[in-house]
1. State to the nearest 20 debye the size of the charge dipole of chain B about its Cα centre, where the only charges are +1 on K and R beta carbons and -1 on D and E beta carbons.
2. Using Cα positions and a limit of under 27 Å, work out the lysines in reach of residue B:295, with same-chain residues fewer than 8 apart set aside.
3. With the crude spin-label approximation of a point 7 Å out along Cα→Cβ, what separation in nm comes out for residue B:486 versus residue B:404?
4. In nanometres, what is the gap between the two model label sites at residue B:44 and residue A:249, each 7 Å from Cα along Cα-to-Cβ?
5. If packing is taken as the mean number of other Cβ atoms within 10 Å per residue, what is the order of A:116-128, A:136-148, highest first?
6. In straight Cα distance, which aspartates and glutamates are under 18 Å from residue A:26, not counting same-chain residues fewer than 8 positions off?
7. What is the interface area between chains B and A, defined as buried accessible area summed over both chains with a 1.4 Å probe, reported in Å² to the nearest 100?
8. Classify chain A from the C-alpha gyration tensor, please: rounded if a/c falls under 1.5, else prolate or oblate depending on whether a/b exceeds b/c.
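The values are calculated or read from the model by the stated rules, or taken from the named source; none is laboratory data. Note that this is a predicted model, so its numbers are computed, not measured. Positions of Cβ are backbone-derived with ideal geometry, glycine not excepted, and every protein chain shown enters the neighbour counts. Side chains included, ligands, DNA and RNA excluded: accessible areas come from the protein's heavy atoms. Shrake-Rupley method; radii C 1.70, N 1.55, O 1.52, S 1.80 Å.
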Amino acid sequence: MIELREVVKTFDGTRALDGLSMFVPKGSIYGLVGPNGAGKSTVLRHITGVYHQDSGQVLMEGSPIFENPSAKVRLADIPDELFYFITDSTRDLMQFYKGFYPRFDLQRYEALKDVFRTVNEKRPIRHLSKGMQKQSAFWLALCCRPDLLVLDEPVDGLDPVMRRQVWSLLMEDVAEEGTTVLVSSHNLRELEDVCDHVGILSRGRVLLERSLSELQETVTKFQLAFAPGEEPALPEGLNILSESSLGRVKTLIIRGNVEEATARLSALGPVLLDALPLSLEEIFIYELGGEDYAVRELVL
Amino acid sequence: MRSANWCFNVPFFRKQAKRFWPLWSLYTLLFVMLLPMYMLMQAQARFLGPESLADKFQTYLASMATFGSLWINLFFCILVAMALWSYLYNNRSVSMIHALPLTRGTLFLTNYVAGLLFSIAPSLVVFVLALGVEVFVGALTIPALCTWLLCQILFTIFFFSFATLLAFVTGHILALPFFYGIFSVLTKGITMLLDGVFSSFVYGYSERSLTALDWFGNWLSPLYALQLKVRPVRPYVAEDLVVRPPMEVSGLGVLAVCAAVGLGMALLAYLLYRRRSLELAGEVITVSYLKPVFKFGVAICSGLAFGMMFYQLFQQFFSRGIWSLLFFLLLWAAIGYYAAEMMLRKSFRVFRAGAPGLFALLLLMTAAMLAMEYDISGYEKTVPDAEKVQMVQVLGWQDSKLTTAEDIGGTIALHETLIQQKADIERQSDEYSRNSNSDYYKDHELYSIQLRYTLQDGSIFQRRYSIPVSLETLEQKDSPAKQYDALMNRPAVRVETIFPATYKTENLMEISMNVPDYAKQAPATSQVPGVRFESDPYGQDAKMILSGEAAQKFYAAVREDITAGRLGYVFLGDFHPEFKKINCINGIYFTFRQDYNKTNSVDGMESADTRTRYMEKQDENGKRISYYEQNLDLQITASSTIAVLEQFGLRQGVHFMTVEQAEKSGYLNDPKYYEKYGYQ
């Protein structure tokens, strides 16, 4: 659906995107994660056609997005910081967007009134709370019936019930309409629940990009303990991302095939050996640990 | 598909029109009040016939089409530009608008057309309403109304395009009106500042003498150029001297060119938009190659403007001269430079990083000032070759146009003396301007003269100098004062200066001369036809007024005396020992009727002879006439003139007298003299 190839973007001499490449499969919910300043919002602004890359390509199904209304008309976005015309209500904006998006669904707009019932559609948006403004944005974006929905910190400001409601609507669109959702968020626990693909950004590049299940299979947490007085050397060739000890229990984060790693560790004769799947948050932290992301030790 | 309109987007246009309705509504209301409503009120309030009303409407529409449209559109267009392009200056709005399925071209064209229509559509409405009013009151002026509409459209195109171009140069909404205001008069301001610096430090520099600089100042400051060129005028009517034709608008061609330039600016703005990096919202300058221009431009302008201002302010504490100016110039250039650097970098920590650029700039400015001081170009020492001079105008206290080889040679000799005695003249000028002793000014004068040579190839060469005049300098054989005195008092020069060729004898209307007020006692003294006296009930003098043959006779005598060197002698300073002995207290005023001609009708500031200032008055039938005046002091040596005066019944010592005689008789000292002693 969306492909970025070797994209470079420089701001005032600083490379915000440094040859970034990524691919968002059609019908996926793609989570874009990364530390602050990694370039997530910059990536999203390229995908929505706001920024123009210095070099590289930003494509939607093979066509460039920048200055391409036929591609842009298929996407809707909800940025982290919303903009609305100062006197406009949700209804005014509906009238506005209706003129741009040929698939704008008025029936859905009416139907979603019930979901977003706390939002007074005739009240100027500037008078709504932050959460209500976000609801209004979702309401309008969903009515555009986009093929691609680009979300930057989408549920920030929403209460837990509304979060669930919104995710449910999104999942429904993905399942029924084949909508692709690209979402950038720091709430990794939430992303873990909804995303099927994840891309981790660091310093303007995609560090790794896989389906969530692949990712979780690739990196495993092992806990092992040896009999007192025994502590054999760990086998060579294991890609150990992290190693720590608490008493006699040693914790290893290993990237690679889980069966192979289990077999090799078992050969050492531990009295305890457990292989545990990693959460997305843990993967994020351990992967970025290799990138000298200093918070790693503090978290551990 | 609604969004498929690739070049113009109706929903976006509708949104912009709806968002900013107060702006264009206010504009409409303003012009409805200024045109149809005002015209209706004028028709109701004045009981004029349709023709007079139409004339009033035409005159009013001409001024509205020029000054009215110029100033209102100047302000309105920047407000519209700020409103319509405001989405470019905020990261949130940038992201929202540019994520819409529109190209930048569509956004630009939609907004640009919206901006033009915000002014043009209301103008059309006002045009129709004003036409309705004219039909209603029966005073149709369709050409004047069309001219007004045309001016409205052309001014809108120019000013909105100008604002649009600047909108794409900056990324900050507050910088936009600032740049707009500055660039409207920037080059004129720079020219004036440079003129100020050059006048102070380039010996002989004459303001506006550098044609390229003058052109740069006049034409690249749109507000100045348009105000100067687009103005209401009276059209040329060859024979009609009394009935004023209605006003028309001149400079429509200039305005059309400006509008065309405006369209070019709009195209340039679009090209900038296509390449604009939207992440630069909030930056003062968004075009990278203009950043150094901005930085050094601010530094130079700051140096020139504030440097000159503080130099003038502190000159009583510092010695006048290049070094104190250089100090203030460099100080303020540095302040301007760092201010610009701070704006560009959005940081106060700019001193170290900006130092190399500043150093280079200050070095360059110092070099330029030194080059000026030491006359590297040879400007100060250049004198035109006499053979190449077609004519020279000596402009100053009295303006003369000299064409003979002898006069041109005399002017060049004076010019060379002024150059040779530079140091002495500068010292005396400085002393004159700083001296605080009031007695000093009783016998010292400082004349400023401009020598304007027209060369054989038509080009102009001009210089301006100060000439210190005192009893001492007037007696020195080779002093500039003595040379100037000799040049200006050549009889041929005096005739040409007092009565230039453009003053036609047949246009002489009347001559008046002030005389001591004996008319109170003998109001009908003269029996000579064409001579009458008018007393001034409030003043000391009365007037002798000559007309017809009497005026012609007197005028011929005056010319004869001037030609013979007996009248019209100019004393440089009334402290001249001969002044009181020769000059009389009687001023003579010659009034000439002014012919309408194309030159003076197109632009009131220009005339065939720059020395002439025209005035208007009503004749006995209540109709307006144009005229100009020349005045001259009677001199006791003017034998022919005095003979004519005596024929008219005036007597020396009574009706005309020298300043010395008047002082001795007490006339000049005691206004009540004649009440006490009478005239005998």
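1. 3760
2. A:9, B:188, B:346
3. Distance between label points: 1.5 nm.
4. In this crude label model, residue B:44 to residue A:249 measures out at 9.5 nm.
5. Details: A:116-128: 15.5, A:136-148: 22.7.
With the highest mean Cβ count within 10 Å placed first, the list reads A:136-148, A:116-128.
6. Reachable aspartates and glutamates: A:3, A:61, A:77, A:147, A:172, A:173, A:176, A:177, A:196, A:209, A:214.
7. Details: alone 33550 and 14670 Å², together 45700 Å².
It comes to approximately 2500 Å² buried between B and A.
8. Working: a/c = 2.55, a/b = 1.95, b/c = 1.31.
In terms of gyration-tensor shape, prolate.
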